[in-house]
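The values are calculated or read from the model by the stated rules, or taken from the named source; none is laboratory data. Just so you know, these numbers come straight off a predicted model, no measurement behind them. Please note: Cβ atoms are built from the backbone with ideal geometry, for glycine as well, and neighbour counts cover all protein chains shown. The protein model used for the area step is the full one, side chains on, heavy atoms only, and it has no ligands, DNA or RNA in it. Shrake-Rupley method; radii C 1.70, N 1.55, O 1.52, S 1.80 Å.
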There are 2 protein chains.
Amino acid sequence: MHRTKVRIVEEALDANNTIAQANRADFDRAGVRVVNFMSAPGAGKTALLERVVADLPGVRVGVLEGDVQGSMDADRLASLHVPVTQLNTDAGFGGECHLDANMVRSALGELPLDDIDLLVIENVGNLVCPAEFRVGEDARIMVSSVTEGEEKPLKYPLMFRACELVLVNKIDLLPHLDFDLDRFLYNLDQVHPGVEHILVSAKTGEGIDEWRDWLVRVGSPAEAHV
Amino acid sequence: MHRTKVRIVEEALDANNTIAQANRADFDRAGVRVVNFMSAPGAGKTALLERVVADLPGVRVGVLEGDVQGSMDADRLASLHVPVTQLNTDAGFGGECHLDANMVRSALGELPLDDIDLLVIENVGNLVCPAEFRVGEDARIMVSSVTEGEEKPLKYPLMFRACELVLVNKIDLLPHLDFDLDRFLYNLDQVHPGVEHILVSAKTGEGIDEWRDWLVRVGSPAEAHV
C-alpha cells in the first residue's frame, strides 16, 4: 500500500503572523516597502517624519498614522502634502495600545499603494506591545529619546531587539540632562548587539541627513529588501 | 403564593474589578492606603519617588514596583531603606504592558502590609493600558513629562482622566523645549476639568514639597480615603 508522506508544519503561525504575511504579500505586489515606526509616547516620531517625508529623493512616501484617537499627527504630516491615512485603535479596536496586522489590513483599501514606494506606519506610542506584533513590514525602526533615561534598553529589551535601526532623538538636550550616552549605547549593545543607531535631533537637524539616507535606502524602488 | 422579589445586579463587574475590590478590602483591613502611580516610560516616576519616600512625616511607605523585567527601579528605591517588592510581568504574566488586579493580588503575600501606612504601586511605563485596570488603589497619580509634548492629554485622554493628580515633571527643561505649558494645561482641562496638578522637577527639587505633602495627606493613618 502506498504510504502518504507525513508533512510537518514546522512553524505554526498565530493569526497575527498569518495576516502580517498577507499584508506583506500585498505590499510586495504593489512594489511598496514598509517600515514600522515605534517609540514611547512623545519620543518624537512625528517630528522626525516631518523632517524628512517631504524630501526623500526618488522615493514617493505615504504614512499610515496609528493613534488611540484623534488625528493630530496625521494633520501635521498631511500639511506637508504627503498622503496620510489615519488608523484609530479606539473606535473599532477597543483602544488598543499598539497596531496589529489585522488593523493594518483593515486600512489597506485606504492606502494609495499604487502611488507610493515607501509606507511608513507610525505605531501607537508604547515601548511594550508594538514590538510583539508584526504588521507586514520590511523593517522596524524605533526612536528612543535621551530624556527617557539610559536604562531603557534593559527595561524594555524586546522593543530594542525587534528593530533594525534605533534613532536616539533629542540629543540637543544632552547638555541639560544627566544622561550617560556611552552607558545607553552599552545597554543597547547588551540587548541587541551590533544594531545600527543614529544620533538625531528633530529640533536642530543634527543627524537628519543620515536618517533621510537610511529611509531612502530602504524605500528606493531599485533596492532589494532590507 | 409568596413571590420572591427579583434582585437586580446593577453593575456587572468584570473579573479585574472583582479582584480589585478584594485587594481593596485587604488593604483596608490592614489600614493601608494605596496609590497607583502611572506614566509613559521615562517620565520620571522612580526619580519622583526617590525624592520623597525616605521622608514622609508620619507615614510608613512601601513600594510595589511593576516592570516587564528586571529590578533596576526597585534597587534604586531599596537603597533608600524603603521596603520594595518587585513584580515582573514578563515571566508569569506574558510580558504584559500594565499591572492588573490579579498581578497585584499575586504579590499581596510579599507585601509588608502590617508595617506600612501607604503602598505606592509603580506601574509599567505606558500611557494606554494601565488606565484601564483598577488594582484596588485609593488614588491614581500620573506623571507627564514636559519633554513628551503638550498634546499628550488629547492623544491619551483615558490616562489623563483616570487619575486624581497629574505631576508635570522635568519643568527644569522648559527653557530648552518648544513646550507651551499653558496649552498643555488647557488640553488637560479639556479632558479632565479641574483635575489637580503640580509642576515638579525631580532634578532641581521644584514642587517636591507640594508632591510630598500630597502623598502624606493620602497616606496618613488618621485621614479618610481620598
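Do you know which residues across the stretch A:31-54 are more than 14 Å from every other protein chain (Cβ to nearest Cβ), within 30 Å of B:L158 (Cα to Cα) and of a type in the set (V, I, T)?
A:V35
Out of the helices (runs of 4 or more DSSP H) lying entirely within the stretch B:113-226, which hold 2 or more residues that are among the aliphatic types (A, V, I, L, M)?
Because the criterion is at least 2 residues that are among the aliphatic types (A, V, I, L, M), the helices (runs of 4 or more DSSP H) in the stretch B:113-226 that meet it are B:157-161, B:181-191, B:208-219.
If we scan the stretch A:172-182, do we find a residue that is closer than 20 Å to A:I121 by Cα and of a type outside the set (G, A, S)?
no
Which one of these is of a type in the set (D, E) and either crowded, with 23+ Cβ neighbours inside 10 Å or in contact with a helix residue (DSSP H, G or I) (Cβ under 9 Å, 6 or more places away or on another chain) (or both): B:E210, B:E151?
B:E151 is the lone residue from the list that is of a type in the set (D, E) and either crowded, with 23+ Cβ neighbours inside 10 Å or in contact with a helix residue (DSSP H, G or I) (Cβ under 9 Å, 6 or more places away or on another chain) (or both).
Within the stretch B:72-98, can you find the residues that are in a loop (DSSP other than H, G, I, E, B) and either under 14 Å from the mean Cα position of the chain (by Cα) or facing chain A (nearest Cβ under 10 Å) (or both)?
B:T89, B:D90, B:G94, B:G95, B:E96, B:C97, B:H98
Kindly list the number of the only condition in (1) away from chain A (no Cβ under 14 Å); (2) within 29 Å of B:H192 (Cα to Cα); (3) in contact (Cβ under 8 Å) with a residue 60 or more places away in the chain; (4) not aromatic (F, W, Y) that fails for B:P57.
(2)
Is at least one residue of the stretch A:12-20 open to solvent by less than 60 Å² (accessible area, probe 1.4 Å), touching a helix residue (DSSP H, G or I) at 6+ places or on another chain (Cβ under 7 Å) and at pLDDT 95 or above?
Within the stretch A:12-20 (the criterion being open to solvent by less than 60 Å² (accessible area, probe 1.4 Å), touching a helix residue (DSSP H, G or I) at 6+ places or on another chain (Cβ under 7 Å) and at pLDDT 95 or above), the answer is yes, since at least one residue qualifies.
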